[in-house]
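Just below is one structure, and these are the notes that go with it.
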């Protein structure tokens with residue numbers, strides 16, 4: 001008895017070519033060109049320091065461009081992977097490109113730190129620090145921390161005003177938690 005064997009054509013080897021362009025505002029434009037294979041989907045993933053960020057959701061397009069901002073200051077060495085699926089099933093994960101980014105500058109030093117007692121409270125103010133998204137503020141008397149606050153404001157009121165000498169410290173921090181130089185002010189007797 002002779003039978004007939006149906007065969008399927010083998011799929012071509014997946015390939016993704018990725019070209020990166022660093023833009024002035026810190027974003028990156030990624031243009032990809034992949035082998036066009038019917039039923040294939042591609043997702044682009046930015047990897048850095050153990051984290052992964054999807055920069056292009058699954059798409060059936062075999063070429064395109066996406067602009068993204070690298071997530072945080074997680075590391076300067078990065079890799080973009082092409083996650084390839086065939087007919088809804090995982091097929092391959094390719095290292096499509098490697099790149100490096102410059103870490104943004106640390107927040108600038110806090111300046112203009114002032115304090116005065118008013119109506120039984122200690123009023124503290126400072127000037128905005130460049131590149132700071134918030135401030136870490138503390139009031140210390142001897143070895144005791146009287147107040148410690150993470151704030152977005154540039155002034156605070158401590159009630160009641162501490163008696164004796166205190167040290168006031170304010171540092172700007174960025175969204176990743178990196179801090180700039182502190183402003184320190186001794187206040188009181």
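The values are calculated or read from the model by the stated rules, or taken from the named source; none is laboratory data. Just so it is clear, the structure is predicted and the values come from calculations on it, not from any experiment. All Cβ positions, glycine included, derive from the backbone under ideal geometry; neighbour counts span all protein chains shown.
Quick notes on this structure:
- Residue 186 meets the stated requirement of being assigned to a strand (DSSP E or B), touching a residue at least 12 places away in the same chain (Cβ under 8 Å) and in contact with a strand residue (DSSP E or B) (Cβ under 7 Å, 6 or more places away or on another chain).
- Residues that are in a loop (DSSP other than H, G, I, E, B) and loosely packed, with under 14 Cβ neighbours inside 10 Å within segment 112-124 comprise 112, 119, 120, listed in sequence order.
- Per-region count, segment 126-153, residues surrounded by 17 or more Cβ atoms within 10 Å (Cβ to Cβ) and outside any strand (DSSP E or B): 3
- Residue check, residue 132 at pLDDT 90 or above and under 29 Å from the mean Cα position of the chain (by Cα): yes
- Selected residue [at pLDDT below 85, over 30 Å from residue 128 (Cα atoms) and surrounded by 13 or more Cβ atoms within 10 Å (Cβ to Cβ)] from 20, 11: 11
- The listed residue being modelled with pLDDT under 90 and either touching a strand residue (DSSP E or B) at 6+ places or on another chain (Cβ under 8 Å) or assigned by TED's automatic domain parsing to the domain that holds residue 24 (or both), out of 176, 147: 147
- Some residue of segment 73-92 being under 27 Å from residue 137 (Cα atoms), assigned by TED's automatic domain parsing to the domain that holds residue 27 and either buried (at least 17 other Cβ atoms within 10 Å of the Cβ) or in contact with a helix residue (DSSP H, G or I) (Cβ under 6 Å, 6 or more places away or on another chain) (or both): yes
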